[in-house]
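The values are calculated or read from the model by the stated rules, or taken from the named source; none is laboratory data. Since we're looking at a predicted model, the values are computed, not measured. So basically every Cβ, Gly included, is an ideal-geometry build from the backbone, and we count neighbours across all protein chains shown. Quick note on the areas: whole protein, heavy atoms, side chains included, nothing else; ligands and nucleic acids left out. Shrake-Rupley method; radii C 1.70, N 1.55, O 1.52, S 1.80 Å.
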Amino acid sequence: MKKIVEWFVTNPVASNLLMMVLLLGGILSLSNLREEEFPAFDVGLIVVSVPYLGAAPEDAERGVCMRIEETIEGTDGIYKLTSRAREGFCSVLIEIAAGANDLQVTNEVKTLIDSISTFPTETERPVVNYITITNFILDIAIYGDASEKALKELGLIMRDDLVALEGISRAEVLYTKPDLIAVEISEQTLREYGITLNTVAGAIQRSSFDLPSGALRTLQGEILL
């Protein structure tokens with residue numbers, strides 16, 4: 001290094017030429033520099049959440065967290081597992097390995113979690129979320145002399161139109177009530193058929209279940225339906 005410095009000191013023309021080349025290269029590259037206040041990047045994290053009503057942290061760890069770890073441990077594309085149990089809840093943080101297909105790993109983890117049939121009966125359905133970071137651009141409020149249902153339907157149509165635009169990857173409809181199906185049975189009808197509300201609730205629960213509809217193959221990976 002000392003000899004190189006001495007050579008440039010004794011050759012000022014070469015030093016000036018090198019400086020000019022560096023300055024010119026910097027000026028030409030200014031137009032190609034990409035500047036973002038909030039750059040988009042993938043965090044590569046999956047969070048599995050399982051409510052376990054009334055369970056102590058020790059019970060949540062043994063009954064839920066450990067079973068999740070045993071099921072998904074060794075899955076391709078997973079770099080690290082971190083589980084946390086607290087009263088009435090268990091969460092597992094999954095770090096995706098560098099170079100792995102995030103969507104494919106997420107779908108595989110969800111399939112494995114849904115296949116666990118040994119959870120305690122007090123647990124609720126596991127929720128698998130892939131953590132994403134998006135840039136917020138615009139907030140649109142829809143109002144008018146219309147029913148809440150009509151405003152919600154208009155919001156859904158606007159959401160689909162916005163997502164179809166180039167440069168917009170995601171749009172959400174917020175601050176709306178979820179659609180519900182209400183079953184109302186009069187006391188007279190219950191007495192007529194000799195049944196109770198618990199009997200009706202049990203019949204509805206037995207008839208309500210999720211069925212797999214196959215898989216959708218995309219360029220980004222396989223999406224389970």
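The table for this structure:
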read-out	value
Given charges at beta-carbon only (K, R positive; D, E negative), |dipole| of the chain in Debye	600 debye
The chain, accessible surface, carbon-and-sulfur percent (1.4 angstrom probe)	57 percent
Quarter of Cα convex hull surface for region 112-197, i.e. mean projection, nm²	11.5 nm²
Tensor-based shape of region 1-154 (alpha-carbon gyration tensor, a/c under 1.5 rounded, otherwise prolate or oblate)	oblate
Axial C-alpha extent at least 20 Å, average Kyte-Doolittle at least 0.5 - helices from the chain (DSSP)	12-29
Residue-normalised accessible area of region 51-153, given per residue in Å² at a 1.4 Å probe	66 Å²
